[in-house]
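Peer 1: First, the structure itself, so that you have it in front of you.
The values are calculated or read from the model by the stated rules, or taken from the named source; none is laboratory data. The model shown is predicted, which means the values in this text are computed figures rather than measured ones. Here the Cβ positions follow ideal geometry from the backbone for every residue, glycine too, while neighbour counts run over all protein chains shown. In case anyone asks, the SASA skips ligands and DNA or RNA and just uses the protein heavy atoms, side chains included. Shrake-Rupley method; radii C 1.70, N 1.55, O 1.52, S 1.80 Å.
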Amino acid sequence: MRHGVAKSEVYMFQRERIADGVYSFQSDIYAQVNAGAVIGPDWVVVIDTLALPEESIAIRNFIEQEINLPIRYVINTHSHADHAWGNCFFPGATIAAHSLCRQFLDTKGRASLEAIRKTNLSYKNAHIVLPQITFGRGELKLQVGKKTLKLFPLPGPCSDNIGILIEEDRVLFAGDAIMPIPYIVDGDYDETIETLKEISKMGLENIVQGHGDIVLRGEVELFTKENIDYLIKLKRIVRSSARRKYPRDVLDVADIEDCGKSRVLIGGLAPELHHNNLLALYKQIYGKPARAVDDDDYYEV
Ligand SMILES: [Zn+2]
(Lines give C-alpha, C1' and ligand atoms only; values in the text may rest on other atoms or scores of the structure.)
Protein backbone atom coordinates (compact mmCIF):
# COMPACT_ATOMS: atom_id res chain seq x y z
CA MET A 1 0.00 0.00 0.00
CA ARG A 2 1.26 3.42 -0.83
CA HIS A 3 1.58 6.11 1.78
CA GLY A 4 -0.49 9.24 1.34
CA VAL A 5 1.11 11.61 -1.14
CA ALA A 6 0.42 15.26 -0.46
CA LYS A 7 0.55 17.52 -3.49
CA SER A 8 1.24 21.00 -2.27
CA GLU A 9 0.91 24.00 -4.56
CA VAL A 10 2.55 26.17 -1.95
CA TYR A 11 5.63 24.01 -1.48
CA MET A 12 6.13 22.88 -5.09
CA PHE A 13 7.17 19.33 -4.29
CA GLN A 14 5.43 16.05 -3.58
CA ARG A 15 5.55 15.32 0.11
CA GLU A 16 5.27 11.84 1.52
CA ARG A 17 5.18 10.73 5.18
CA ILE A 18 7.20 7.52 5.32
CA ALA A 19 7.21 6.84 9.06
CA ASP A 20 6.39 8.78 12.19
CA GLY A 21 8.38 12.02 11.85
CA VAL A 22 10.04 10.98 8.58
CA TYR A 23 9.22 12.75 5.31
CA SER A 24 10.43 12.63 1.75
CA PHE A 25 10.12 15.46 -0.77
CA GLN A 26 10.20 14.86 -4.51
CA SER A 27 10.96 17.58 -7.04
CA ASP A 28 8.29 18.35 -9.63
CA ILE A 29 10.89 20.25 -11.61
CA TYR A 30 14.07 18.19 -12.03
CA ALA A 31 14.55 14.43 -12.58
CA GLN A 32 12.25 13.40 -9.71
CA VAL A 33 15.11 14.06 -7.30
CA ASN A 34 14.32 13.40 -3.64
CA ALA A 35 15.16 15.02 -0.33
CA GLY A 36 13.84 14.27 3.15
CA ALA A 37 13.50 15.30 6.76
CA VAL A 38 13.62 13.57 10.13
CA ILE A 39 11.68 15.45 12.79
CA GLY A 40 12.97 15.27 16.34
CA PRO A 41 11.35 16.67 19.49
CA ASP A 42 13.29 19.95 19.37
CA TRP A 43 14.93 20.17 15.96
CA VAL A 44 14.96 18.70 12.48
CA VAL A 45 17.50 16.97 10.21
CA VAL A 46 17.18 17.63 6.47
CA ILE A 47 18.59 15.08 4.02
CA ASP A 48 19.61 16.62 0.66
CA THR A 49 18.36 19.92 -0.73
CA LEU A 50 16.64 19.30 -4.14
CA ALA A 51 17.75 20.93 -7.37
CA LEU A 52 16.76 24.60 -7.44
CA PRO A 53 17.17 27.31 -4.81
CA GLU A 54 13.39 27.85 -4.63
CA GLU A 55 12.95 24.15 -3.86
CA SER A 56 15.49 24.29 -1.00
CA ILE A 57 13.71 27.35 0.35
CA ALA A 58 10.36 25.54 0.04
CA ILE A 59 11.71 22.68 2.20
CA ARG A 60 12.89 25.20 4.78
CA ASN A 61 9.52 27.00 4.76
CA PHE A 62 7.61 23.76 5.16
CA ILE A 63 9.66 22.75 8.22
CA GLU A 64 9.78 26.16 9.85
CA GLN A 65 6.15 27.04 9.19
CA GLU A 66 4.30 23.71 9.28
CA ILE A 67 6.48 21.69 11.65
CA ASN A 68 7.50 24.77 13.59
CA LEU A 69 10.97 23.57 14.55
CA PRO A 70 14.48 24.77 13.65
CA ILE A 71 16.69 22.82 11.23
CA ARG A 72 19.84 21.83 13.09
CA TYR A 73 21.53 19.50 10.57
CA VAL A 74 21.61 19.04 6.80
CA ILE A 75 23.07 15.78 5.49
CA ASN A 76 24.26 15.57 1.86
CA THR A 77 24.11 12.06 0.37
CA HIS A 78 26.72 13.23 -2.19
CA SER A 79 28.04 16.38 -3.82
CA HIS A 80 25.90 16.66 -6.97
CA ALA A 81 24.09 19.93 -7.57
CA ASP A 82 20.62 18.47 -7.09
CA HIS A 83 21.54 17.08 -3.67
CA ALA A 84 23.95 19.57 -2.10
CA TRP A 85 23.93 23.01 -3.69
CA GLY A 86 21.04 24.12 -1.49
CA ASN A 87 23.14 23.95 1.71
CA CYS A 88 23.42 27.74 1.70
CA PHE A 89 19.64 28.09 2.18
CA PHE A 90 19.81 26.47 5.61
CA PRO A 91 21.81 29.06 7.56
CA GLY A 92 22.47 27.95 11.10
CA ALA A 93 22.42 24.26 10.17
CA THR A 94 25.54 22.13 10.46
CA ILE A 95 26.24 20.16 7.28
CA ALA A 96 27.38 16.50 7.39
CA ALA A 97 28.66 14.40 4.47
CA HIS A 98 31.40 12.08 3.21
CA SER A 99 34.84 13.72 3.25
CA LEU A 100 35.02 13.29 -0.54
CA CYS A 101 31.71 15.17 -0.85
CA ARG A 102 33.36 18.13 0.88
CA GLN A 103 36.34 17.84 -1.47
CA PHE A 104 34.17 17.61 -4.63
CA LEU A 105 31.96 20.55 -3.59
CA ASP A 106 35.07 22.63 -2.94
CA THR A 107 36.53 21.91 -6.40
CA LYS A 108 34.08 20.74 -9.11
CA GLY A 109 31.06 22.12 -7.25
CA ARG A 110 32.39 25.66 -6.90
CA ALA A 111 33.54 25.72 -10.53
CA SER A 112 30.26 24.52 -12.03
CA LEU A 113 28.07 26.72 -9.83
CA GLU A 114 30.18 29.70 -10.89
CA ALA A 115 29.65 28.76 -14.56
CA ILE A 116 25.89 28.20 -14.17
CA ARG A 117 25.36 31.48 -12.34
CA LYS A 118 26.42 33.30 -15.51
CA THR A 119 23.50 31.88 -17.50
CA ASN A 120 20.87 30.90 -14.95
CA LEU A 121 19.45 33.69 -12.82
CA SER A 122 17.77 31.41 -10.33
CA TYR A 123 21.17 30.56 -8.87
CA LYS A 124 22.18 34.19 -8.30
CA ASN A 125 21.87 33.89 -4.50
CA ALA A 126 23.34 30.40 -4.30
CA HIS A 127 26.83 29.60 -3.11
CA ILE A 128 28.60 26.45 -2.02
CA VAL A 129 28.57 25.71 1.70
CA LEU A 130 30.99 22.95 2.63
CA PRO A 131 30.11 20.22 5.13
CA GLN A 132 31.58 20.86 8.59
CA ILE A 133 31.23 17.25 9.78
CA THR A 134 32.78 14.63 7.52
CA PHE A 135 33.80 10.98 7.63
CA GLY A 136 35.43 8.67 5.08
CA ARG A 137 35.03 5.15 6.48
CA GLY A 138 32.99 3.30 9.06
CA GLU A 139 29.85 5.02 10.24
CA LEU A 140 28.60 8.13 11.95
CA LYS A 141 25.59 8.13 14.25
CA LEU A 142 23.23 10.98 14.97
CA GLN A 143 20.56 10.66 17.66
CA VAL A 144 17.34 12.53 16.83
CA GLY A 145 15.02 12.04 19.80
CA LYS A 146 14.26 8.33 19.83
CA LYS A 147 15.57 7.81 16.30
CA THR A 148 19.12 6.74 15.46
CA LEU A 149 20.44 7.91 12.09
CA LYS A 150 23.35 5.82 10.85
CA LEU A 151 25.43 7.46 8.11
CA PHE A 152 27.68 5.09 6.16
CA PRO A 153 29.41 4.97 2.75
CA LEU A 154 27.36 3.55 -0.16
CA PRO A 155 29.75 4.05 -3.07
CA GLY A 156 29.04 3.09 -6.67
CA PRO A 157 27.26 5.86 -8.55
CA CYS A 158 29.96 8.18 -7.17
CA SER A 159 32.71 7.64 -4.62
CA ASP A 160 31.25 10.13 -2.10
CA ASN A 161 27.75 8.63 -1.91
CA ILE A 162 26.47 7.78 1.59
CA GLY A 163 23.32 6.15 2.93
CA ILE A 164 21.33 7.35 5.93
CA LEU A 165 19.57 4.51 7.73
CA ILE A 166 16.91 5.34 10.32
CA GLU A 167 17.57 2.25 12.39
CA GLU A 168 14.30 2.03 14.32
CA ASP A 169 12.15 2.48 11.19
CA ARG A 170 14.40 0.51 8.78
CA VAL A 171 14.09 3.40 6.33
CA LEU A 172 17.09 4.05 4.09
CA PHE A 173 17.84 7.29 2.29
CA ALA A 174 20.14 5.77 -0.34
CA GLY A 175 21.31 8.78 -2.34
CA ASP A 176 21.98 7.82 -5.95
CA ALA A 177 23.00 4.24 -5.01
CA ILE A 178 19.33 3.49 -5.67
CA MET A 179 17.73 4.99 -8.76
CA PRO A 180 15.15 3.67 -11.25
CA ILE A 181 18.15 3.12 -13.57
CA PRO A 182 21.62 2.73 -12.07
CA TYR A 183 23.76 5.64 -13.26
CA ILE A 184 27.48 4.88 -13.44
CA VAL A 185 28.84 7.78 -15.49
CA ASP A 186 30.47 9.39 -12.47
CA GLY A 187 31.08 6.12 -10.69
CA ASP A 188 32.25 2.55 -10.67
CA TYR A 189 30.43 -0.40 -12.26
CA ASP A 190 31.51 -3.15 -9.84
CA GLU A 191 31.00 -1.01 -6.74
CA THR A 192 27.49 -0.15 -7.91
CA ILE A 193 26.61 -3.86 -8.11
CA GLU A 194 28.21 -4.58 -4.70
CA THR A 195 26.23 -1.77 -3.11
CA LEU A 196 22.96 -2.99 -4.66
CA LYS A 197 23.61 -6.46 -3.21
CA GLU A 198 24.37 -4.99 0.21
CA ILE A 199 21.17 -2.93 0.21
CA SER A 200 19.04 -5.94 -0.78
CA LYS A 201 20.20 -7.73 2.39
CA MET A 202 19.54 -4.87 4.84
CA GLY A 203 15.98 -5.83 5.81
CA LEU A 204 14.45 -2.48 4.88
CA GLU A 205 10.89 -1.17 5.21
CA ASN A 206 11.37 1.61 2.68
CA ILE A 207 14.05 3.10 0.48
CA VAL A 208 14.05 6.74 -0.50
CA GLN A 209 15.92 6.64 -3.80
CA GLY A 210 18.07 9.51 -5.03
CA HIS A 211 15.47 9.92 -7.79
CA GLY A 212 12.05 8.36 -8.34
CA ASP A 213 9.36 6.88 -6.13
CA ILE A 214 9.78 5.27 -2.72
CA VAL A 215 10.68 1.59 -2.87
CA LEU A 216 8.47 -0.38 -0.47
CA ARG A 217 9.50 -3.41 1.60
CA GLY A 218 7.95 -5.98 -0.74
CA GLU A 219 9.66 -4.38 -3.74
CA VAL A 220 13.25 -4.11 -2.46
CA GLU A 221 14.47 -7.54 -3.55
CA LEU A 222 13.05 -7.37 -7.07
CA PHE A 223 14.09 -3.75 -7.49
CA THR A 224 17.73 -4.38 -6.60
CA LYS A 225 17.79 -7.55 -8.73
CA GLU A 226 16.38 -5.69 -11.74
CA ASN A 227 19.03 -3.00 -11.36
CA ILE A 228 21.80 -5.61 -11.20
CA ASP A 229 20.29 -7.37 -14.27
CA TYR A 230 20.28 -4.04 -16.09
CA LEU A 231 23.99 -3.57 -15.36
CA ILE A 232 24.83 -7.10 -16.52
CA LYS A 233 22.98 -6.54 -19.81
CA LEU A 234 24.67 -3.16 -20.18
CA LYS A 235 28.09 -4.82 -19.98
CA ARG A 236 27.08 -7.47 -22.53
CA ILE A 237 26.17 -4.77 -25.05
CA VAL A 238 29.42 -2.90 -24.42
CA ARG A 239 31.47 -6.07 -24.90
CA SER A 240 29.67 -6.94 -28.13
CA SER A 241 30.19 -3.39 -29.44
CA ALA A 242 33.94 -3.74 -28.88
CA ARG A 243 34.09 -6.48 -31.53
CA ARG A 244 33.02 -3.95 -34.15
CA LYS A 245 35.26 -1.52 -35.98
CA TYR A 246 32.98 1.30 -34.85
CA PRO A 247 31.56 0.40 -31.43
CA ARG A 248 29.37 3.49 -31.49
CA ASP A 249 27.33 1.86 -34.28
CA VAL A 250 26.09 -0.54 -31.61
CA LEU A 251 26.06 1.75 -28.58
CA ASP A 252 24.16 4.60 -30.24
CA VAL A 253 21.19 2.42 -31.15
CA ALA A 254 21.11 0.10 -28.10
CA ASP A 255 17.58 0.37 -26.76
CA ILE A 256 17.03 0.80 -23.03
CA GLU A 257 14.07 -1.59 -23.18
CA ASP A 258 16.41 -4.39 -24.30
CA CYS A 259 18.07 -3.95 -20.90
CA GLY A 260 14.73 -4.38 -19.14
CA LYS A 261 14.05 -0.73 -18.28
CA SER A 262 11.25 1.56 -19.42
CA ARG A 263 12.07 4.71 -21.34
CA VAL A 264 9.63 6.83 -19.29
CA LEU A 265 11.59 6.46 -16.04
CA ILE A 266 13.04 9.53 -14.26
CA GLY A 267 10.70 11.92 -16.02
CA GLY A 268 11.65 10.60 -19.47
CA LEU A 269 15.39 11.10 -18.95
CA ALA A 270 15.97 7.32 -18.97
CA PRO A 271 17.10 6.83 -22.62
CA GLU A 272 19.64 9.65 -22.29
CA LEU A 273 21.03 8.25 -19.02
CA HIS A 274 21.18 4.79 -20.62
CA HIS A 275 23.19 6.08 -23.59
CA ASN A 276 25.56 7.90 -21.22
CA ASN A 277 25.94 4.67 -19.21
CA LEU A 278 26.93 2.73 -22.34
CA LEU A 279 29.59 5.23 -23.41
CA ALA A 280 30.94 5.55 -19.85
CA LEU A 281 31.16 1.79 -19.31
CA TYR A 282 32.96 1.35 -22.64
CA LYS A 283 35.51 3.89 -21.51
CA GLN A 284 35.82 2.30 -18.05
CA ILE A 285 36.52 -1.13 -19.60
CA TYR A 286 38.67 -0.21 -22.61
CA GLY A 287 40.33 2.95 -21.32
CA LYS A 288 39.33 5.06 -24.33
CA PRO A 289 36.12 6.45 -25.84
CA ALA A 290 34.10 4.21 -28.19
CA ARG A 291 34.98 4.99 -31.79
CA ALA A 292 32.33 6.32 -34.19
CA VAL A 293 32.34 6.45 -37.99
CA ASP A 294 32.50 10.23 -37.79
CA ASP A 295 35.81 9.95 -35.95
CA ASP A 296 37.50 8.81 -39.18
CA ASP A 297 39.04 11.28 -41.57
CA TYR A 298 37.60 9.52 -44.59
CA TYR A 299 34.98 6.94 -45.37
CA GLU A 300 35.78 3.71 -47.11
CA VAL A 301 33.64 3.19 -50.18
ZN1 LIG B 1 21.13 12.52 -8.18
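Peer 1: Over the stretch 86-165, give the accessible area per residue in Å² for a 1.4 Å probe, as an integer. It would help to have the intermediate numbers written out before the result.
Peer 2: Working: 3840 Å² over 80 residues.
Using a 1.4 Å probe on heavy atoms only, each residue of the stretch 86-165 averages 48 Å².
Peer 1: Tell me which trypsin sites (Lys or Arg not before Pro) from the stretch 68-121 have a DSSP coil assignment and no more than 10 other beta carbons within 10 Å of their own. Numbers along the way, then the final one.
Peer 2: Numbers: sites: ARG72, ARG102, LYS108, ARG110, ARG117, LYS118; in loops: LYS118.
Hits after loop and neighbour filter: LYS118.
Peer 1: Would you mind calculating the gained length between TRP43 and ASP252 on full extension (0.36 nm times residue separation, minus the Cα-Cα distance), in nm to one decimal?
Peer 2: 70.3 nm
Peer 1: Roughly how many percent of the accessible protein surface of the chain is carbon and sulfur, given a 1.4 Å probe and a whole-percent answer? Intermediate values should be presented prior to the final figure.
Peer 2: Details: 6880 of 14100 Å².
Exposed carbon and sulfur together represent 49 percent of the surface.
Peer 1: Once a ≥ b ≥ c are taken as the square roots of the eigenvalues of the Cα gyration tensor of the stretch 1-142, is the result rounded (a/c under 1.5), prolate (a/b larger than b/c) or oblate (a/b not larger than b/c)? Show your work: numbers first, answer last.
Peer 2: Working: a/c = 1.75, a/b = 1.21, b/c = 1.44.
Oblate, because a/c is 1.5 or more while a/b does not exceed b/c.
Peer 1: What is the count of Lys pairs in the stretch 188-283 whose alpha carbons sit under 19 Å apart, if the two are 8 or more places apart or on different chains?
Peer 2: Final tally of qualifying lysine pairs is 14.
Peer 1: Here is a further query. Which distance in nm do the two modelled labels at ARG170 and ALA242 give, with both placed 7 Å along the Cα-to-Cβ direction?
Peer 2: Distance between the two pseudo-spin positions: 4.0 nm.
Peer 1: Would you work out the relative contact order for the stretch 233-301, in percent, from Cα pairs under 8 angstrom that are 6 or more residues apart?
Peer 2: In percent, rounded to a whole number, it is 36.
Peer 1: Under 16 Å Cα to Cα from LYS108, which aspartates and glutamates show up? Leave out anything in the same chain fewer than 8 places away.
Peer 2: ASP82, ASP160, ASP186
Peer 1: How large is the accessible surface per residue of the stretch 32-78, computed with a 1.4 Å probe and reported in Å² as a whole number? Walk me through the intermediate numbers first.
Peer 2: Details: 1440 Å² over 47 residues.
I get 31 Å² per residue for the stretch 32-78.
Peer 1: Now, a different point. Across the chain, how large is the tail of the calculated P(r) beyond 27 Å, expressed as a percent of all Cα pairs?
Peer 2: On the way: 19009 of 45150 pairs.
Summing the P(r) of the chain above 27 Å gives 42 percent of all pairs.
Peer 1: Could you state the angle between the C-alpha long axis of helix 270-286 and the longest principal axis of the C-alpha atoms of the chain, as a value from 0 to 90 degrees rounded to the nearest 10?
Peer 2: Around 60 degrees separate the two axes.
Peer 1: Given Cα pairs under 8 Å that are at least 6 residues apart, what percent is the relative contact order of the chain? All intermediate terms of the calculation are to be shown ahead of the outcome.
Peer 2: Details: 595 pairs, mean separation 35.6, N = 301.
So the answer I get is 12 percent.
Peer 1: Return a whole-number percent for the relative contact order of the stretch 33-86, with Cα pairs under 8 Å and 6 or more residues apart as the contact set.
Peer 2: Details: 90 pairs, mean separation 22.4, N = 54.
The value is 41 percent.
Peer 1: Inverting the mean 1/r over all pairs of different Cα atoms, compute the Kirkwood radius of the stretch 229-301 and quote it in Å. List each step's numbers first, then the result.
Peer 2: On the way: mean 1/r = 0.0781 Å⁻¹.
Taking every pair of different Cα atoms in the stretch 229-301, averaging 1/r and inverting gives 12.8 Å.
Peer 1: What does the net charge come to around GLY260 if you take all other residues with beta carbon closer than 14 Å to its beta carbon, with K and R at +1 and D and E at -1? Don't skip to the end; give the middle numbers.
Peer 2: Details: positive: LYS225, LYS233, LYS235, ARG236, LYS261, ARG263; negative: GLU226, ASP229, ASP255, GLU257, ASP258.
For residues surrounding GLY260, the net value is +1.
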